[in-house]
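Enquirer: Dropping the structure in here first, questions after.
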Amino acid sequence: MKRHIPNTITCCNLISGCVAVTFALMGNPHMALLWIVMGAVFDFFDGMSARLLGVSSPIGKELDSLADDVTFGVAPSAIVYHELTVMDWPAVLSSPFPGLVSYLPYLAFVMAAFSALRLAKFNLDERQTTSFIGLPTPANALFWGSLVVGGHQWVESLPWGSCLMLLLTFVSCWLLVAEIPMFALKFKHWGWRGNEVKYIFVLSCIPLLLFFGITAFAFIIAWYVILSVVVNLTQH
């Protein structure tokens, strides 16, 4: 019985991702983000339960990647897709190619493909036991969910907002598979020495949360990437 518990929790993650996709396509990014967060909770506990029960299995690993791609790949792609369908596109894009802008939102789903590639690389990469190489898919999903939920009015007000969204989509696709070391919030001890970057990151997130609300998570993920790059450059 206990060997089925982790996979059951993983399936709950998968179902959460499916519900998130449904809400995203219905134009309800708030509920989509909520179900992505619920999926992240299930994703946290499936691995923990497998380790506690000592029932880790190859099929569980594959199932986890599938669930993660739905929840943290397809769901945020669907959020971006719907947002791009309701945003205005520059007239210069539709003049030479009538009807082009109706197809451009589908490019958001390229992010789902890169999320799958990121997860496949993670499963095979032995370097990512204590840190990450490239942006983790849950962080990417949280970035897009919080950006659309909290900052859609600001983005939609920009003259080239739709193009900016599409450009950021391609940037996040690259970050998912980029060979950029990124720190993980895993503490082996609670002292300052050796945890400087983690403490700086956590403390700097507090004012962002206080001032920007739910949109803060988009700034936090962006700050996480920037800080990881800076640390990587200073260590080499």
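The values are calculated or read from the model by the stated rules, or taken from the named source; none is laboratory data. Only a predicted model underlies this, so the values are computations on that prediction, with no experimental measurement involved. Positions of Cβ are backbone-derived with ideal geometry, glycine not excepted, and every protein chain shown enters the neighbour counts. Quick note on the areas: whole protein, heavy atoms, side chains included, nothing else; ligands and nucleic acids left out. Shrake-Rupley method; radii C 1.70, N 1.55, O 1.52, S 1.80 Å.
Enquirer: Does K188 satisfy being open to solvent by 20 Å² or more (accessible area, probe 1.4 Å), touching a strand residue (DSSP E or B) at 6+ places or on another chain (Cβ under 8 Å) and not acidic (D, E)?
Expert: Numbers: open to solvent by 20 Å² or more (accessible area, probe 1.4 Å): yes; touching a strand residue (DSSP E or B) at 6+ places or on another chain (Cβ under 8 Å): no; not acidic (D, E): yes.
Against the criterion (open to solvent by 20 Å² or more (accessible area, probe 1.4 Å), touching a strand residue (DSSP E or B) at 6+ places or on another chain (Cβ under 8 Å) and not acidic (D, E)), K188 does not qualify.
Enquirer: Hey, another quick one. Could you tell me whether E83 is modelled with pLDDT under 95 and charged (D, E, K, R)? Please lay out each step first, then the result.
Expert: Numbers: modelled with pLDDT under 95: no; charged (D, E, K, R): yes.
Taking the combined requirement at face value, the residue does not satisfy it.
Enquirer: Return the pair list, or none, for Cβ contacts closer than 9 Å from residues in the range 140-163 that are part of a helix (DSSP H, G or I) to residues that are open to solvent by less than 10 Å² (accessible area, probe 1.4 Å) and of a type in the set (F, W, Y), at least 6 apart or on different chains.
Expert: N140/F72; A141/F72; L142/F72
Enquirer: Give I221, I226, I200 a once-over and let me know the one that is buried (at least 18 other Cβ atoms within 10 Å of the Cβ), part of a helix (DSSP H, G or I) and of a type outside the set (D, E). Break it down into steps so the answer makes sense when it comes.
Expert: Working: I226 fails: buried (at least 18 other Cβ atoms within 10 Å of the Cβ); I200 fails: buried (at least 18 other Cβ atoms within 10 Å of the Cβ).
Just one listed residue meets the conditions, I221.
Enquirer: Do you know which residues across the range 64-74 are open to solvent by less than 10 Å² (accessible area, probe 1.4 Å) and of a type in the set (S, T, N, Q)?
Expert: T71
Enquirer: Being in contact with a helix residue (DSSP H, G or I) (Cβ under 6 Å, 6 or more places away or on another chain), at pLDDT below 95 and either farther than 21 Å from W223 by Cβ or among the aromatic types (F, W, Y) (or both) is the requirement here; does L119 meet it? Reasoning before the result, please.
Expert: Numbers: in contact with a helix residue (DSSP H, G or I) (Cβ under 6 Å, 6 or more places away or on another chain): yes; at pLDDT below 95: yes; either farther than 21 Å from W223 by Cβ or among the aromatic types (F, W, Y) (or both): yes.
Yes: the conditions hold for L119.
Enquirer: Within the range 122-145, count every residue that is loosely packed, with under 12 Cβ neighbours inside 10 Å and either in contact with a strand residue (DSSP E or B) (Cβ under 8 Å, 6 or more places away or on another chain) or closer than 28 Å to T215 by Cβ (or both).
Expert: So the count comes out to 1.
Enquirer: Of the residues in the range 21-74, how many are among the polar types (S, T, N, Q), in contact (Cβ under 8 Å) with a residue 24 or more places away in the chain and either under 23 Å from W144 (Cβ atoms) or in contact with a helix residue (DSSP H, G or I) (Cβ under 6 Å, 6 or more places away or on another chain) (or both)? It would help to see each step written out before you state the result.
Expert: Of the residues in the range 21-74, the ones among the polar types (S, T, N, Q) are 22, 28, 49, 56-57, 65, 71.
With the extra rule that they be in contact (Cβ under 8 Å) with a residue 24 or more places away in the chain, the set shrinks to 49, 56-57, 65, 71.
Narrowing further to those that are either under 23 Å from W144 (Cβ atoms) or in contact with a helix residue (DSSP H, G or I) (Cβ under 6 Å, 6 or more places away or on another chain) (or both): 49, 56, 65, 71.
The qualifying residues number 4.
Enquirer: Give the residues of the range 75-98 that are open to solvent by 40 Å² or more (accessible area, probe 1.4 Å) and outside any helix (DSSP H, G or I), sorted by residue number.
Expert: Taking the range 75-98 and keeping what is open to solvent by 40 Å² or more (accessible area, probe 1.4 Å), we get 81-82, 85-86, 88-89, 91-98.
Residues satisfying the conditions are D88, W89, S95, P96, F97, P98.
Enquirer: Looking at the range 129-188, which of the residues that are of a type in the set (F, W, Y) and at pLDDT 90 or above is nearest to A116 (Cα to Cα)?
Expert: First pass over the range 129-188, keeping only residues of a type in the set (F, W, Y): 132, 143-144, 154, 160, 170, 174, 183, 187.
Imposing the further condition that a residue be at pLDDT 90 or above reduces the set to 143-144, 170, 174.
Details: F143: 17, W144: 17, F170: 15, W174: 13 Å.
The residue in question is W174.
Enquirer: Starting from the range 186-212, take each residue that is among the aromatic types (F, W, Y) and list its partners that are assigned to a loop (DSSP other than H, G, I, E, B) and open to solvent by 80 Å² or more (accessible area, probe 1.4 Å), counting only C-beta distances under 9 angstrom and pairs at least six apart or across chains.
Expert: Note: pairs meeting the criteria are Y199/W192; F201/L185.
Enquirer: From the list A24, A50, A40, which one is open to solvent by less than 30 Å² (accessible area, probe 1.4 Å) and closer than 14 Å to I9 by Cα?
Expert: Details: A24 fails: closer than 14 Å to I9 by Cα; A40 fails: open to solvent by less than 30 Å² (accessible area, probe 1.4 Å).
Only one candidate qualifies: A50.
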